[in-house]
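For reference, the structure discussed in these notes is given below.
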Amino acid sequence: MSQTARYHHGDLHATLLREAAVLLREQGIEGLSLRRLAERAGVSRTAPYHHFEDKNALLCALAEQGFRKLEALMEEEDLETEPVGGLRRFVHAYLRFASEDPEQYELMFGRTLWKTGRPTESLTRVAHGCFRRYIDLMYRPPLATRLPPGMDPLRLAQASWATLHGLSRLLLDGIYLNQDDMEAVSDQAVDLMIAGLRLDEDAT
């Protein structure tokens, strides 16, 4: 395949991200490098550096893509008109998102960027924006009116996301959960959220 065909008339930035995502899935964070990315994209070894300062910048861009995908999943649900059904679909979609691309999920939430790396301003903005969208989805009016008196929507959002993230980690690590358990555990997680929101199961 010619270089022009591979990166669509010069759209090298998008092609590099696409090929980097494939390398991430195939070889993990340790196996991803700008040199290997250049080889895979069929460009010179210096070409990726015109788009990404270093590996850290590339990883941040990949994580940013992941958060945008996750936020898009939230945008698909309308919990105002269908709170229980929408919540069930979102929880199932979240766990599928984590399990279908575990390397990206680990990159989004792991130590590589947030502890030992240098998260870019763009990644930080998108990641925090994704969480704010989650709060809007789950704990703003009219659903917020169902919360117990004195309950802090922010803390409840943090706790419920921690539940989703913990389930995802158990699923990916394969210690206490496997793919066969995912649907049943997803439903149990939704039941806990429903109880916290005081939702009626009849409110489809």
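The values are calculated or read from the model by the stated rules, or taken from the named source; none is laboratory data. Model, not experiment: these values are computed from the prediction. Every residue, glycine as well, gets a Cβ built from its backbone with ideal geometry; the counts of neighbours run over all protein chains shown. Note: accessible area is taken over every heavy atom of the protein model, side chains too, but ligands, DNA and RNA are not part of it. Shrake-Rupley method; radii C 1.70, N 1.55, O 1.52, S 1.80 Å.
List the pairs whose first member sits in the stretch 165-191 and is in contact (Cβ under 8 Å) with a residue 40 or more places away in the chain, whose second member is part of a loop (DSSP other than H, G, I, E, B) and open to solvent by less than 40 Å² (accessible area, probe 1.4 Å), and whose Cβ atoms are under 6 Å apart, counting only residues at least 6 apart or on separate chains?
Leu171/Leu177
Looking at (1) small (Gly, Ala, Ser); (2) open to solvent by less than 50 Å² (accessible area, probe 1.4 Å); (3) at pLDDT below 95, which one does Ala63 not meet, given that it meets all the others?
Condition (3) is where Ala63 drops out.
Which residues, taken from the stretch 37-74, are in contact with a Phe, Trp or Tyr (Cβ under 9 Å, 6 or more places away or on another chain), small (Gly, Ala, Ser) and part of a loop (DSSP other than H, G, I, E, B)?
Gly42
Of all residues in the stretch 58-117, which are among the β-branched types (Val, Ile, Thr), touching a helix residue (DSSP H, G or I) at 6+ places or on another chain (Cβ under 8 Å) and farther than 24 Å from Ala14 by Cα?
Val84, Val91
Could you run through the stretch 83-108 and say how many residues are open to solvent by 60 Å² or more (accessible area, probe 1.4 Å) and either in contact with a His (Cβ under 7 Å, 6 or more places away or on another chain) or not basic (Lys, Arg) (or both)?
Qualifying residue count, the stretch 83-108: 3.
Being under 22 Å from the mean Cα position of the chain (by Cα) and modelled with pLDDT under 75 narrows it down to one residue among Leu197, Leu177; which is it?
Values: Leu197 fails: under 22 Å from the mean Cα position of the chain (by Cα).
From the options Leu197, Leu177, the qualifying one is Leu177.
Among the residues of the stretch 30-54 satisfying the criterion of being surrounded by 18 or more Cβ atoms within 10 Å (Cβ to Cβ) and within 24 Å of Leu123 (Cα to Cα), which is modelled with the lowest pLDDT?
Result: Ala41.
Spot the failing condition for Glu77; the list is (1) surrounded by fewer than 16 Cβ atoms within 10 Å (Cβ to Cβ); (2) assigned to a loop (DSSP other than H, G, I, E, B), and only one is missed.
(1)
Quick check on Tyr139: is it touching a Pro at 6+ places or on another chain (Cβ under 7 Å), over 23 Å from Asp54 (Cβ atoms) and among the hydroxyl-bearing types (Ser, Thr, Tyr)?
Yes: the conditions hold for Tyr139.
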